[in-house]
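The structure appears right after this line, and notes come after that.
FYI, it's all coordinate maths here, none of it is from the lab. Nothing here was measured: the structure is a model prediction, and the numbers come from that model. Neighbour counts run over all protein chains shown; Cβ positions are idealised from the backbone, glycine included.
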2 protein chains.
Amino acid sequence: MTAQINSIDKYFLQQTIELAVENVKTGKGGPFAAIITKDDKIIANGTNIVTTSHDPTAHAEISAIRNACNVLNDFQLEGCTIYSSCEPCPMCLGAIYWARLKRLLFAADKSQAEKAGFDDAFIYKEIILPYNQRNLTTEQIVLQEDNFPFETWINSNSKIEY
Amino acid sequence: MTAQINSIDKYFLQQTIELAVENVKTGKGGPFAAIITKDDKIIANGTNIVTTSHDPTAHAEISAIRNACNVLNDFQLEGCTIYSSCEPCPMCLGAIYWARLKRLLFAADKSQAEKAGFDDAFIYKEIILPYNQRNLTTEQIVLQEDNFPFETWINSNSKIEY
């Protein structure tokens with residue numbers, strides 16, 4: 001779906017760019033930032049803190065999602081918009097779907113990230129390849145009990161769906 | 001690449017299945033678990049704790065990666081293997097690439113997850129669609145300053161690459 005863009009969208013996106021520049025200058029991590037809003041009010045932001053937090057999943061969007069969920073005390077962000085200084089990588093785009101965000105607006109794209117030395121475009125190509133064609137050694141081992149967790153889940157009366 | 005499978009691989013995978021079943025029974029979260037090893041020794045495990053931790057990114061593989069990085073005090077897991085009770089979703093597969101894991105072995109696949117009500121297969125289909133064909137409202141806003149973060153990064157003498 002295509003977004004209806006207004007001037008506040010541009011404003012929030014410019015803010016993410018400033019945050020991303022600041023993130024590099026202060027040595028916190030990579031050149032990425034994100035802001036999450038609801039009804040045009042900022043709930044939380046996040047920057048890339050992979051190297052300083054020793055967490056390879058601490059990209060800007062994931063940090064922003066974790067921070068926003070913390071603020072709202074919820075595991076979903078329905079109705080929210082995420083602004084990102086750069087097109088999310090597959091990990092972060094997946095996180096945006098799981099968090100049930102409503103809109104994604106970004107400034108730079110994955111080819112710009114690639115030119116700056118980041119693997120986003122590479123990972124987009126890899127994850128849709130058949131297992132045996134990936135750079136990452138990948139294999140399914142079929143086990144008799146491999147559906148037990150799902151059966152336990154389906155039969156659980158107390159589960160919280162997400 | 002195809003993995004060379006041995007009996008210890010099956011053993012660790014069976015352990016993830018047991019952990020995933022236990023995770024549902026104890027109400028911690030969804031029916032997923034992962035174990036990370038190095039040289040056939042367990043470094044850390046992780047289970048899906050999305051609902052109990054109010055974190056939509058707290059899938060089993062991401063929890064395991066964060067825990068393993070915490071143990072090793074590093075932001076990369078080179079040479080490590082991740083065992084997952086189910087094929088990772090795009091978010092988690094992306095995280096596995098960013099963490100530089102060496103091998104991924106999993107039991108159930110994304111179609112089994114789909115049958116149990118999880119969006120993994122849907123998200124795999126979505127993220128490769130052109131922006132305007134996605135369910136998620138997605139738009140790039142081209143801004144004059146959108147490359148500033150990358151330029152700052154490239155010109156930084158003190159950056160830690162990841």
Can you tell me the relative contact order of the stretch B:31-162? Whole percent, Cα pairs under 8 Å, sequence separation 6 or more.
-> 17
In nm, one decimal, shortest first: how far is the label point of A:Asp39 (7 Å from Cα along Cα to beta carbon) from the matching points in the other copies?
-> 5.7
Average beta carbon contacts from partner chains per residue of A:103-115, 10 Å cutoff = 4
Taking the square root of 5λ for each eigenvalue of the C-alpha gyration tensor of the protein assembly as shown, the equivalent ellipsoid has semi-axes, largest first and in whole angstrom, of 32, 22, 17
Environment charge of B:Ile17, counting only residues whose C-beta is closer than 10 Å and scoring Lys/Arg +1, Asp/Glu -1 = -4
³J(HN,Hα) across the stretch B:39-50 via Karplus (A = 6.51, B = -1.76, C = 1.60, θ = phi - 60°), whole Hz, x for Gly/Pro?
-> 6, 6, 10, 6, 8, 6, 10, x, 10, 6, 10, 4
Environment charge of A:Asp40, counting only residues whose C-beta is closer than 15 Å and scoring Lys/Arg +1, Asp/Glu -1 = +3
How far is B:Val71 from the same spot in each other copy, in nm, shortest first, if each label point sits 7 Å from Cα toward Cβ?
-> 3.5
Hey, got a sec? Which trypsin sites (Lys or Arg not before Pro) in the stretch A:1-33 land in a DSSP loop and have at most 14 other Cβ atoms within 10 Å?
-> none
When you look at the Cβ of every residue in B:130-138, what mean number of other chain Cβ atoms sits within 10 Å?
-> 6
Shortest first, in nm, what separates the label point of B:Tyr11 from those of the same position in the other copies (7 Å along Cα→Cβ)?
-> 6.1
Peptide A:83-93 - average C-beta neighbours from other chains (10 Å radius) | 6
Return one number: the angle in degrees, 0 to 90 and rounded to the nearest 10, between the long axis of the Cα atoms of helix A:60-72 and the longest principal axis of the Cα atoms of chain A.
-> 90
Would you compute the Debye intensity of the stretch B:1-64 from its alpha-carbon atoms alone, equal scatterers and no solvent, and pass along log10 I(q)/I(0) at q = 0.15, 0.23, 0.26, 0.29 Å⁻¹ to two decimals?
-> -0.47, -0.91, -1.04, -1.17
Within straight-line cross-link reach of A:Lys159, lysines at Cα separation under 24 Å, skipping those fewer than 8 residues along the same chain | B:Lys25, B:Lys28, B:Lys110, B:Lys115
Under 25 Å from the Cα of A:Lys38 - lysines, other chains or at least 8 residues apart | A:Lys10, A:Lys102
Whole-Hz ³J(HN,Hα) from phi, Karplus 6.51 cos²θ - 1.76 cosθ + 1.60, for the stretch A:17-29, glycine and proline x = 5, 4, 4, 5, 4, 4, 4, 6, 4, 8, x, 6, x
Per residue of the stretch A:149-159, in order, report the coupling 6.51 cos²θ - 1.76 cosθ + 1.60 (Karplus, θ = phi - 60°) as ³J(HN,Hα) in whole Hz, putting x for Gly and Pro.
-> x, 5, 5, 4, 5, 4, 7, 6, 8, 10, 5
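Just to confirm a number: summing +1 for Lys and Arg and -1 for Asp and Glu over residues other than B:Arg103 whose beta-carbon lies under 15 angstrom from that of B:Arg103, what do you get?
Here the charged neighbours net out to -2.
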